[in-house]
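S.K.: Supplied in structure tokens, the structure appears directly below.
The values are calculated or read from the model by the stated rules, or taken from the named source; none is laboratory data. Small disclaimer: the values here were computed from a predicted structure and weren't measured. Quick reminder, even Gly has a Cβ in these numbers, built from the backbone with ideal geometry, and neighbours come from all protein chains shown.
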């Protein structure tokens, strides 16, 4: 499935970086990848047929994540960014075991930098319930949050609002106010965005929390880690800017096209990817296919 470990660097360099999320949240990561690595080809899959992952069993998220990874590798992806905190928490360890020659970049809430930079010793983490329940998150807390007080909120309903395009609506502002206000009252001065959907509401969060509260967006660090792994392998694409970009959804491609334009201001036609299930196995393929 993945021949990268055996091919010369010049054959790997033009291959795309694969990126996936349960929905449009990972576009916040894709946007930063395009900014920091404009020479790279990018291939994105939004599994909007199953969004949000945060309400699904871990085993099911692992199934979806493995099937999407196989699809991206079949499209010659040289590296895969799991641009979803829930999928990273549920499946990243298994993905690395299943595809040992594939470099994966995963998400984790930025508890470590938040603990370092907080002045009040109080940090707020906004993530999904599945992320909070994961072993990866528990390990982060054990390693880096011993000297700070962490307030957590799963922001129930926020992913759905962002998926529906409500990034600055009264409903979204009300939900965020209900989440953030108790944290601010408790003295939180640093907010960690533990879901890739949440950077799209940073303007609202900044308005609600004020200038003294730092908000940590994970996207720049993810792009830097992606560049580091590609550079280690000599897989960075030497080509110029304006390189190919493909964006696929397992949902409605027309609606996805509008979301792309709204969220990352790119005028591009979203493509369709279709799920097929055979027993307990899931298969993803591009194009219009009857289930």
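S.K.: Looking only at residues in region 204-219 that are touching a residue at least 40 places away in the same chain (Cβ under 8 Å) and not in a helix (DSSP H, G or I), which one is farthest from residue 130 (Cα to Cα)?
M.R.: Checked region 204-219; the qualifying residue farthest from residue 130 (Cα to Cα) is 214.
S.K.: On to the next question. Got at least one residue in region 166-185 being within 19 Å of residue 108 (Cα to Cα) and in the same structural domain as residue 132 (by TED's automatic domain parsing)?
M.R.: no
S.K.: Kindly indicate which of 136, 143 is closer than 22 Å to residue 122 by Cα and buried (at least 16 other Cβ atoms within 10 Å of the Cβ).
M.R.: After applying the criteria, what remains is 136.
S.K.: Continuing with this model, one more query. Run residue 20 past the list (1) surrounded by 24 or more Cβ atoms within 10 Å (Cβ to Cβ); (2) under 13 Å from residue 226 (Cβ atoms); (3) in contact with a helix residue (DSSP H, G or I) (Cβ under 6 Å, 6 or more places away or on another chain) and report the number of the one that doesn't hold.
M.R.: (2)
S.K.: Give me the pairs, please: first residue somewhere in region 182-203 and free of Cβ contacts under 8 Å to residues at least 12 places away in the same chain, second residue anywhere and surrounded by 24 or more Cβ atoms within 10 Å (Cβ to Cβ), beta-carbon distance under 7 Å, and either six or more positions apart or on two chains.
M.R.: Between residues of region 182-203 that are free of Cβ contacts under 8 Å to residues at least 12 places away in the same chain and residues that are surrounded by 24 or more Cβ atoms within 10 Å (Cβ to Cβ), there is no close pair.
S.K.: Looking only at residues that are out of contact with any strand residue (DSSP E or B) (no Cβ under 8 Å at 6 or more places or on another chain) and closer than 24 Å to residue 133 by Cβ in region 23-49, which one is surrounded by the fewest Cβ atoms within 10 Å (Cβ to Cβ)?
M.R.: For region 23-49, the residue satisfying everything is 28.
S.K.: Go through region 117-134 and report how many residues are modelled with pLDDT of 95 or more and part of a helix (DSSP H, G or I).
M.R.: Of the residues in region 117-134, 1 are modelled with pLDDT of 95 or more and part of a helix (DSSP H, G or I).
S.K.: Moving on to the next point. Please state which one of 162, 167 is assigned to a loop (DSSP other than H, G, I, E, B), closer than 22 Å to residue 260 by Cα and in contact (Cβ under 8 Å) with a residue 60 or more places away in the chain.
M.R.: 167
S.K.: Among the residues that make up region 223-232, is at least one of them assigned to a strand (DSSP E or B), touching a residue at least 60 places away in the same chain (Cβ under 8 Å) and under 21 Å from the mean Cα position of the chain (by Cα)?
M.R.: No: region 223-232 contains no residue that is assigned to a strand (DSSP E or B), touching a residue at least 60 places away in the same chain (Cβ under 8 Å) and under 21 Å from the mean Cα position of the chain (by Cα).
S.K.: Right, another one. Among the listed residues 82, 61, identify the single one that is more than 21 Å from residue 200 (Cα to Cα) and either touching a helix residue (DSSP H, G or I) at 6+ places or on another chain (Cβ under 9 Å) or in the same structural domain as residue 254 (by TED's automatic domain parsing) (or both).
M.R.: 61
S.K.: Write out, first by first residue and then by second, each pair whose Cβ atoms fall under 7 Å of each other, whose residues are 6+ apart or on separate chains, and whose first residue, in region 64-90, is more than 27 Å from residue 132 (Cα to Cα) while the second is in a helix (DSSP H, G or I) and modelled with pLDDT under 95.
M.R.: Note: pairs meeting the criteria are 78/4; 78/12.
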